[in-house]
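The values are calculated or read from the model by the stated rules, or taken from the named source; none is laboratory data. What you are looking at is a predicted structure, and each value in this text was computed from that prediction instead of being measured. Cβ placement follows ideal geometry from the backbone for every residue including glycine, while neighbour counts extend to all protein chains displayed.
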Amino acid sequence: METKELILNMGPQHPSTHGVLRLILSLNGETIVHSVPDIGYLHRGIEKLAENRTYLQFLPITDRLDYIAAFPNNLAYCQTVEKLMGLEVPPRAQYIRVILTELNRISSHLVWLATHALDIGAMTVFLYCFRERETILDLFEMATGARMTFSFFRFGGVADDLPREFIPKAREFLEAFPACIADYEALLTKNRIWLARTRNVAVISAEDGINLGMSGPSLRGSGVKWDIRRAAPYAIYDQLDFEIPVGQNGDVYDRYLVRVEEMRQSSRIVRQCLDRIPEGEIRAQVPRAIKPPAGEAYSCVESPKGELGFYIVSDGSERPYRLKVRAPSFVNLESLPVMMKGGLVADVIAAIGSIDIVLGEVDR
């Protein structure tokens, strides 16, 4: 009997893609033969907007890339402009940047774990994760006045100093958080249903991950120990003691384990920063008009999704001549057809969730 492949459209309005992602799946029965991600539904022309705004006016727009973790967006952009201008950020400002960015990494991983578990069918952990995330957002609101899109970092430093009550409240959260992570693991790590839905599902090898340009937990889950904070340290990361967790099998389960351990390591980093943060200025002397000399620069940070970089070409004016964003969600999305080939259509949701994409960053 002659058979044909079934073409299945998944999305762009699908609750488990957490955005407007469309996948075109070719199926042989329940098995995925081929898949094509179709993107662009959330394209807002952010890179072009940069050419029509001053350097400072574009800063709040960077929040709208990965809106789940806005601090790394601010940081990568500010570092690139600082590199063009030759600005040196005061030590206290560097510590504040790292504290807020690492707390943002934890809050981003909490959103990922909550929604990924919910998609697969583990509903209990959803509320647990959002409980802790609310505490972190309270800290952000205390420091910046905002809970998600902050626009708090500035060229040469930060907009304001940390309020007096921030450090005690942050310590209080960090004392309680390890027990919370233990709760998540008690619910998931050895759960038979969780193991069945994640082990040996959406496997990608270290070689394929490197060839595709993947980064972040999605690459480290395949056993590649690559983290910008260690490979090309920025801010004060070369002064801090922390480990880079990696997986072995490159499946959904290992990517889960890597992110859980990253939350522990980020807590460790924040504790060190709270203990060592020096007194002093929070911002370098910066000209009122930001006009970097003609030239080009690239700077990247380790965002919760992977390597987030900004490439800026300056013509000496107050607006970038050209700006390019190296968005980790966009690059990591390229791995989906590879990891899903030969898998079951029922595992598509687990595969998408495991690479933790944000469509605002993918489409830009």
Q: From (1) surrounded by fewer than 18 Cβ atoms within 10 Å (Cβ to Cβ); (2) at pLDDT below 95; (3) within 17 Å of the chain's Cα centre (by Cα), pick out the condition that doesn't hold for His116.
A: (1)
Q: Evaluate the following for Glu132: is it in contact with a Cys (Cβ under 6 Å, 6 or more places away or on another chain) and either closer than 29 Å to Cys78 by Cβ or part of a helix (DSSP H, G or I) (or both)?
A: yes
Q: Out of the residues in segment 119-128 that are part of a helix (DSSP H, G or I) and free of Cβ contacts under 8 Å to residues at least 40 places away in the same chain, state the one that is surrounded by the most Cβ atoms within 10 Å (Cβ to Cβ).
A: Phe126
Q.
Going through Phe58, Phe71 one at a time, which residue ends up being outside any loop (DSSP other than H, G, I, E, B), touching a residue at least 12 places away in the same chain (Cβ under 8 Å), farther than 25 Å from Arg171 by Cα and of a type in the set (Phe, Trp, Tyr)?
A. Phe58
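So, in segment 305-346, how many residues would count as being of a type outside the set (A, V, I, L, M, F, W, C) and over 21 Å from Arg220 (Cα atoms)?
Here is the first cut: in segment 305-346, the ones of a type outside the set (A, V, I, L, M, F, W, C) are 305-307, 309, 311, 314-322, 324, 326, 328-329, 332, 334-335, 337, 341-343.
Next, from what is left, pick out any that are over 21 Å from Arg220 (Cα atoms): 311, 314-322, 324, 342-343.
Within segment 305-346, residues that are of a type outside the set (A, V, I, L, M, F, W, C) and over 21 Å from Arg220 (Cα atoms) number 13.
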**Q.** Spans of strands (runs of 3 or more DSSP E) in segment 258-364 with at least 2 residues among the acidic types (Asp, Glu)
**A.** 295-302
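Conditions tested, residue by residue: (1) touching a Cys at 6+ places or on another chain (Cβ under 6 Å); (2) within 30 Å of Gln79 (Cα to Cα); (3) among the basic types (Lys, Arg); (4) part of a loop (DSSP other than H, G, I, E, B).
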| residue | (1), (2), (3), (4) |
| --- | --- |
| Asp161 | no, yes, no, yes |
| Pro168 | no, yes, no, no |
| Glu175 | no, no, no, no |
| Ile193 | no, no, no, no |
| Ala196 | no, no, no, no |
| Ile204 | no, no, no, yes |
| Met214 | no, yes, no, yes |
| Ser218 | no, yes, no, no |
Q | Matching residues in segment 263-306 - criterion: being buried (at least 17 other Cβ atoms within 10 Å of the Cβ) and of a type in the set (Ser, Thr, Tyr) | A | Ser266, Ser267, Ser299, Ser303
Q) Going through segment 85-105 one residue at a time, which ones are in contact (Cβ under 8 Å) with a residue 40 or more places away in the chain, not in a helix (DSSP H, G or I) and not acidic (Asp, Glu)? A) Leu87, Val89, Pro90
Q: Collect the residues in segment 1-51 that are touching a residue at least 40 places away in the same chain (Cβ under 8 Å), in a loop (DSSP other than H, G, I, E, B) and more than 30 Å from Glu318 (Cβ to Cβ), keeping them in residue-number order.
A: His18, Val20, Leu21, Glu30, Ile39, Gly40, Tyr41
Q | Sole residue being more than 15 Å from the chain's Cα centre (by Cα) and under 17 Å from Ser354 (Cα atoms), chosen from Gly156, Gly121 | A | Gly121
Q.
Considering only segment 246-253, I want to know if a residue exists there that is part of a loop (DSSP other than H, G, I, E, B) and either under 23 Å from Ile269 (Cβ atoms) or free of Cβ contacts under 8 Å to residues at least 12 places away in the same chain (or both).
A. yes
